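The block underneath contains the structure these notes are about, expressed in C-alpha cells.
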Amino acid sequence: MESIFHEKQEGSLCAQHCLNNLLQGEYFSPVELSSIAHQLDEEERMRMAEGGVTSEDYRTFLQQPSGNMDDSGFFSIQVISNALKVWGLELILFNSPEYQRLRIDPINERSFICNYKEHWFTVRKLGKQWFNLNSLLTGPELISDTYLALFLAQLQQEGYSIFVVKGDLPDCEADQLLQMIRVQQMHRPKLIGEELAQLKEQRVHKTDLERVLEANDGSGMLDEDEEDLQRALALSRQEIDMEDEEADLRRAIQLSMQGSSRNISQDIPQTSGTNLTSEELRKRREAYFEKMRLQKYIQQQKQQQQKQQQQQGDLSGQSSHPCERPTTSSGALGNDLGDAMGEEDMLQAAVTMSLETVRNDLKTEGKK
C-alpha cells in the first residue's frame, strides 16, 4: 500500500486531505481552497446586494462570518464541489431520491466523499479494490467488495452525508499498479489519536526507565557491586534449595536432642531453613534409628563371615605358612566392640557421632 497517496490529518484541514486523497496527489492547498471560498462569499454578497445594499438582510449578511470557511481550516461542501469542477467531477447525494431510483450498486461506482459535521473523508476504488482514505487513520484501510455496501449503510446510520463522485478521475500510479495485483491487509490501521496515545505511553515508560538508569552510576549500567550481590543471593538460594535429605535429618536429630543435651545446643547455631512438625520429626528419627539398626545387623553378619573365613584360613595355613600372621581388620575390631556393647549403647554412640559430625560441619561453615 506504499504506492497509495494518503494525506494524514493536520489541524482542521480535512477538506483538503479529502480532495487530495481522492485525486491521489497534492492538488490543493489551504490557500487555493481559501481563494475558492472567498470567491463563493463574493458571489453570495452580490446576490444579496440585488435586494438593496441598504436592506436589513444585506447588512445582517455582511456582519455574519463566512459560511464557506473558518479560521480553523474548515471548508463547506460548496468549496469542495467547486474545487472538483476544475477536474470535470460532480457530486451527487448518495441517498437522494433521484440517485436511489437509478438502483446503482455502490460497487460499480469509483469513489465517495463522506461528511459528518465538519469532517470530510474519501472512499475510493484503486485498481480492483476499495480503500477508506480517512485522514484520521494512520494509513489506508482495505474494504472488501462485500463489506462496501454495509460500510456505507453504517455511515448513513451514524449521520454521515455521502456523495457519489461522478466523472473521470485523473490517472494515478496506485490505480495502475493495483490493476495488476491485489493487496492484503493483515492489520487494520488505527486512528491517529490511538497511535499518539500509545506513543505517549511509550515515551512515559522510556522516561521512567531513563530515570532509573540515571539513579545508578549515571552511565546507564547497573552498579557492578549490586550485580555481584544479586548473583551471590541467587547462588545462596540455590544452595539452600539443593540441601539433601541427610542434612535435614541431622538438623532434626539436633533439635530432638536439645532437651537432653543443652551444652551441645549452645555450641551449635540455630538454622532457620528447617521448619519441621513434631510428627515429621518423629518419623525422621524412627527412619534414622531403623537405618542404624540395619547397618549394625549387616556389619555383624559381615564380621561373622570374616571370623569364619579367618578361622578356616588359620587351620589350613598353619602347615604351609607357619610364619604368616593373621591380619586384624577394622571389621573385626568393630565386631569385638559391638559384642562388648549392648544395642542401646550402640544407638546412643551413633547419635553422639552424628551430633559430633553436625557440630564440626557447622563450626566449619561458621569459620567460612
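The values are calculated or read from the model by the stated rules, or taken from the named source; none is laboratory data. Fair warning: this is a prediction, and the values are worked out from it, not measured in the lab. All Cβ positions, even for glycine, are placed from backbone atoms using ideal geometry, and neighbour counts span all protein chains on display. For the accessible areas, the whole protein counts, side chains as well, though only heavy atoms, and no ligand, DNA or RNA atoms are used. Shrake-Rupley method; radii C 1.70, N 1.55, O 1.52, S 1.80 Å.
The set of residues in region 1-51 that are open to solvent by 70 Å² or more (accessible area, probe 1.4 Å), under 23 Å from Phe131 (Cα atoms) and of a type in the set (D, E, K, R) comprises Glu2, Lys8, Glu10, Glu26. Among the residues in region 75-92, are any more than 22 Å from Ile113 (Cβ to Cβ) and open to solvent by 90 Å² or more (accessible area, probe 1.4 Å)? No, region 75-92 has no match at all.
Pairing each residue of region 92-106 that is touching a residue at least 40 places away in the same chain (Cβ under 8 Å) with any residue that is open to solvent by 70 Å² or more (accessible area, probe 1.4 Å) and not in a strand (DSSP E or B), provided the two are 6+ apart or on different chains, yields C-beta distances under 8 Å for Ile92/Glu98.
Here is a check on your reading of the model: is Glu90 farther than 23 Å from Glu194 by Cβ and of a type in the set (D, E, K, R)?
yes
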